[in-house]
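Q: Quick one: the structure is below, and I'll ask about it shortly.
The values are calculated or read from the model by the stated rules, or taken from the named source; none is laboratory data. What you see is a predicted model; the values in this text were computed from it and never measured. Glycine gets a Cβ as well: all are built from the backbone with ideal geometry, and neighbour counts include every protein chain shown.
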């Protein structure tokens, strides 16, 4: 074989061997980089888990709840201890809690490392709605808070048999409740029942029937409360009082039955 041809073959072999070793080195280099990346990623995930555990929810502090039990609120929250406090979304918690008709507003604050603080603002019951012997607790907007089960003594003014669909009637009745609230001589009554007739609202206070009509409720009852002591002093039996007319208080005496002696 010619010497030049032998030399050429040796050079080819050397080149092929060099290329194989270069490919191997590149493969090892890439493998090492990949391995390092995997280690770093695993360490990062592990670190995040350890970090998250340090800020997991351990305690839930609740205040402002007077009608709702703590257990009821925790059940509505759909949040469990051990969850990440960092990733906890206030909007989700508030949306869950507001499904309860007793809850009006919610204020929340995270106190790291592991405490969630809630301040609950409950709705204020304004009246009872009686429909077919069933009692419902109403808020200031006329929304039903809950149905009252079993026999109970009315502890708020009672709105009698006004359909929940009659928004105007319920709204006017609640305005009348507001007008009566805090008025001396009325708040001490054992029974206050509000009804609705074709001519407007009525009030029965401890058996005293008053035709109220619509509007100017506070003004109407101020006039009546000024006159009532004198009427009671005279001992005049009253069938009803009519406050529907402006600047007037009409008193309808109770008609005596035949044969009844006048005292």
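Q: Kindly evaluate residue 150 against the criterion of being within 30 Å of residue 186 (Cβ to Cβ) and in the same structural domain as residue 189 (by TED's automatic domain parsing).
A: On the way: within 30 Å of residue 186 (Cβ to Cβ): yes; in the same structural domain as residue 189 (by TED's automatic domain parsing): yes.
Considered against the rule, which asks whether it is within 30 Å of residue 186 (Cβ to Cβ) and in the same structural domain as residue 189 (by TED's automatic domain parsing), residue 150 comes out as yes.
Q: Would you please list the contacts, defined by Cβ atoms under 9 Å and residues six or more apart or on different chains, that run from a residue in region 223-234 that is in a helix (DSSP H, G or I) to a residue that is modelled with pLDDT under 85?
A: Filtered contacts from region 223-234: 225/183; 225/184; 225/185; 225/186; 228/185; 229/185.
Q: Follow-up question, since we're still on this one. Mind counting the residues in region 100-136 that are part of a loop (DSSP other than H, G, I, E, B) and closer than 16 Å to residue 79 by Cα?
A: At the first step, the residues of region 100-136 found to be part of a loop (DSSP other than H, G, I, E, B) are 100-102, 112-114, 123-126, 132-133.
Filter once more, keeping what is closer than 16 Å to residue 79 by Cα: 100, 114.
Number satisfying all stated conditions: 2.
Q: Has region 231-245 got any residue that is within 34 Å of the chain's Cα centre (by Cα), modelled with pLDDT of 90 or more and farther than 22 Å from residue 143 by Cα? Talk me through it step by step, then tell me what you get.
A: Step one: list which residues in region 231-245 are within 34 Å of the chain's Cα centre (by Cα), which gives none.
No, that holds for no residue.
Q: Give just the number: which of (1) part of a loop (DSSP other than H, G, I, E, B); (2) in contact with a strand residue (DSSP E or B) (Cβ under 6 Å, 6 or more places away or on another chain) does residue 169 not satisfy?
A: (1)
Q: Checking the conditions here, which among 117, 73 is farther than 30 Å from residue 222 by Cβ, buried (at least 17 other Cβ atoms within 10 Å of the Cβ) and touching a strand residue (DSSP E or B) at 6+ places or on another chain (Cβ under 6 Å)?
A: Details: 117 fails: buried (at least 17 other Cβ atoms within 10 Å of the Cβ).
Matching residue, one of 117, 73: 73.
Q: Still on this structure, I have one more. Of the conditions (1) surrounded by 16 or more Cβ atoms within 10 Å (Cβ to Cβ); (2) at pLDDT 90 or above; (3) not in a strand (DSSP E or B), residue 212 clears all except one; give me its number.
A: Evaluating residue 212 over (1) surrounded by 16 or more Cβ atoms within 10 Å (Cβ to Cβ); (2) at pLDDT 90 or above; (3) not in a strand (DSSP E or B) leaves (3) as the failure.
Q: Taking region 172-209, which residues are more than 23 Å from residue 238 (Cβ to Cβ) and in a loop (DSSP other than H, G, I, E, B)?
A: 181, 182
Q: In contact with a helix residue (DSSP H, G or I) (Cβ under 9 Å, 6 or more places away or on another chain) and over 15 Å from residue 67 (Cα atoms), is that true of residue 88? Walk me through how you get there before you give the answer.
A: Numbers: in contact with a helix residue (DSSP H, G or I) (Cβ under 9 Å, 6 or more places away or on another chain): no; over 15 Å from residue 67 (Cα atoms): yes.
Against the criterion (in contact with a helix residue (DSSP H, G or I) (Cβ under 9 Å, 6 or more places away or on another chain) and over 15 Å from residue 67 (Cα atoms)), residue 88 does not qualify.
Q: Residue 164 - would you say it is under 23 Å from the mean Cα position of the chain (by Cα), in a strand (DSSP E or B) and either in the same structural domain as residue 70 (by TED's automatic domain parsing) or over 18 Å from residue 75 (Cα atoms) (or both)?
A: Details: under 23 Å from the mean Cα position of the chain (by Cα): yes; in a strand (DSSP E or B): no; either in the same structural domain as residue 70 (by TED's automatic domain parsing) or over 18 Å from residue 75 (Cα atoms) (or both): yes.
No; evaluated as a whole, the condition is false for this residue.
Q: Please work out which one of (1) at pLDDT 90 or above; (2) more than 13 Å from the chain's Cα centre (by Cα); (3) not in a helix (DSSP H, G or I) is the condition residue 145 fails and give its number.
A: Answer for residue 145: the failing condition is (2).
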